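Working notes, beginning with the structure itself.
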Amino acid sequence: MLQCAMRVKRADRNLLPCDSPFARGWGGVYDPPMPEPKPIRLLPDHVANKIAAGEVVERPASVLKELIENALDAGATEIEVELLGGGRRLIRVTDNGSGMSRDDALMSVERHATSKIRDVDDIERVHTLGFRGEALAAIASVSRFELTTRPHDDLSGTTLSIAAGRMNQVSEAGAPPGTSILVRNLFFNVPARRKFLRTDQTELAHARQVFLVHALAHPQAGFRLVVEEKEVYRLAAGATLDERIRQLFGARLLESLRPVQYEDIEARVGGYAGLGRISRADRNEQYIFVNGRAASAAVVGHAIREAYNTIIPKGRHPVLFLFIDVDPEQVDVNVHPTKKEVRFRRTREVRDAVMKALDGALREEQGRAGPAPTPWTPPLSTGLASDRVEVPRIRISDLPELQPFAYPREEEEPPADADRPPEDARTGTRIEPVDDEAIGSAPWSWCRILGQAGGLYVVMETDGGMVLMDPHAAHERVLFERFMKQLLRRNVRSQGLLVPESVDLSPQDMECVQQHMDLLREMGFGIAEFGGDTVLVDALPSCLGNVSATSVLGQVARSLEEAGPRGGTERFAEERVAKAACKAAVKANDLLKVEEIEQLVVDLARADMPYTCPHGRPTIIFMSYRELNRKFGRE
């Protein structure tokens, strides 16, 4: 019997694929059968619609997105959404937009039928959210679809009824001005797609996110959401962005946001940016809109990372509500089936605009008294010796002095050596004076030191509440900004190398270095071409410490190419300068006087970003009097 089986296998070996272990073991060669030639034919409309639905209609949230965008394109100021079963059983979107005539209603459910573009040139300047003209046809092909619409000037409307892409009924109907679209039993005729849908709760969460995104993008329109016959949201029309954020996310989050406002020839950037202390572990609370469309681009993500590079730790993401407006001819929205991704024709200009907008928002505190309260969490200690944590000590030798001081601190008599740069008592080095233009908006107007907690953290009283400060982190921030300002103002002291170092670069890096040779010299590099793709370096910026010219020059070349002259300068220098600031900052067990701590507080208050060190760790934790009263039950 075994021999019979072997004969069968040998006889059928040519039917096995060539990578089969059986074919390799026998030494056989796979000879696939020639397919029968078939004529090329056009697909029927209902098949083509189902294929299109696979790209456009992924889940109930995709349907809701297309219907809301159509309503907004029709000029609707009131949009009502109703969901049952997470959108699988029913999705209804009703608006008060322009409505459609009978002929337009019949045409709207045909593939590639649209009123938003006319020829190929219109694709290059799309002003609307939708433009392909395939959404309604795709939705109607995989559901039981009903459309009721009426123009404002007509006395009656039109109702269409479609099931699985087949028209069932067209009739005249009484209806209010606008359009109402009802989608039932999504994917009822495509069981394979229906099996891939998640639970009702999951699909509802995706649908609610679509609703929220469009409500944010268009605060001038009113939105209402009804889930399982219960009203979840009722958002009034004519709202501002901050009002809409407060309605959807609460007033507490809004207090931790800073307004973004920047405009140049290429782009206009607005919205709100979150401070570093409310960073998130993911990007779920980053809402990016390009010309009113919820979309993003790789260059925008790069600009956000660079803007927050020294504000939040690595692996954390800021909260953002960012609106980017550019000329429609300068952005391509036709690069993704769901239009989630766009491409800018002038990427560098858009990147620089976003970085400048975020930088301005994060440095401008808009007159606020200080950071929002940070909740206190009691230590989880059982009192055992093994639970004790050794804390590094920074001692203050003469703590009893408790006199409050204001900003900027006024000296009764100028020091005798006022004509020379002052000496930093904490490091023993001369420091450059800070220009008045660089003094930012202080987090407090006056302050006094009360003591220390754990032998390290300085406890202070301010006009707004109580502050805990980490002297090491605070000094890092002060030195970091001082070094960075020198670097960006091209007022950098160079440190000559004992032996000039030759650096071999790749052809691409060499081209970039040649283009920015003058800029590199202004940044403190002593650099000259040495022939081919080699340069000779005889000096480096002194604030970068002892680093290798080979590693630094390759990094700065790539940064300049990717982020432009200013952005590249900041990007390559930030990490190096942050390390130099960390090494020069006050250390554990350093003996500090009250006057030195006070000066550190003054310097920190003048910093552009006083709330975090260059590595993203907090420098201060603020608790307002209101928060203290709430904790003690006085409110």
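Only a single criterion out of (1) part of a loop (DSSP other than H, G, I, E, B); (2) at pLDDT 90 or above is not satisfied by Lys339, namely (2). Cβ-Cβ contacts under 9 Å between residues 6 or more apart (or on different chains), taken from a first residue in the range 141-169 that is assigned by TED's automatic domain parsing to the domain that holds Arg184 to a second residue that is aromatic (Phe, Trp, Tyr) and not in a strand (DSSP E or B), are listed as Val142/Phe187; Val142/Phe188; Ser143/Phe187; Ser143/Phe188; Arg144/Phe188; Ala163/Phe188; Ala164/Phe188. Looking only at the range 217-234, which residues are aliphatic (A, V, I, L, M) and surrounded by fewer than 20 Cβ atoms within 10 Å (Cβ to Cβ)? Once the filter is applied, which keeps residues that are aliphatic (A, V, I, L, M) and surrounded by fewer than 20 Cβ atoms within 10 Å (Cβ to Cβ), the range 217-234 yields Val226, Val227, Val232. Here is the figure for the range 583-628: residues that are at pLDDT below 75, surrounded by fewer than 17 Cβ atoms within 10 Å (Cβ to Cβ) and under 33 Å from the mean Cα position of the chain (by Cα) total 1. Taking the conditions (1) of a type outside the set (Asp, Glu); (2) more than 30 Å from His475 (Cα to Cα); (3) at pLDDT 70 or above; (4) surrounded by 16 or more Cβ atoms within 10 Å (Cβ to Cβ) in turn, Asn334 satisfies each one other than (4). Screening the range 92-119 for residues that are modelled with pLDDT under 95, more than 26 Å from Pro44 (Cβ to Cβ) and basic (Lys, Arg) and picking the one that is surrounded by the fewest Cβ atoms within 10 Å (Cβ to Cβ) gives Arg118. So Lys314 ticks every box in (1) in contact with a Gly (Cβ under 8 Å, 6 or more places away or on another chain); (2) modelled with pLDDT of 90 or more but one. Which box is left unticked? For Lys314, the failing item is (2).
Against the condition on the phi > 0 side of the Ramachandran plot, at pLDDT 50 or above and touching a strand residue (DSSP E or B) at 6+ places or on another chain (Cβ under 6 Å), how does Gly451 come out, does it pass?
yes
Report yes if some residue within the range 544-560 is buried (at least 17 other Cβ atoms within 10 Å of the Cβ) and modelled with pLDDT of 85 or more; otherwise report no. No; the residues of the range 544-560 include none that is buried (at least 17 other Cβ atoms within 10 Å of the Cβ) and modelled with pLDDT of 85 or more.
The values are calculated or read from the model by the stated rules, or taken from the named source; none is laboratory data. Worth saying up front: this structure is predicted, and the values here are computed from it rather than measured. Note that each Cβ is placed from the backbone with ideal geometry, even for glycine, and that neighbours are counted across all protein chains shown.
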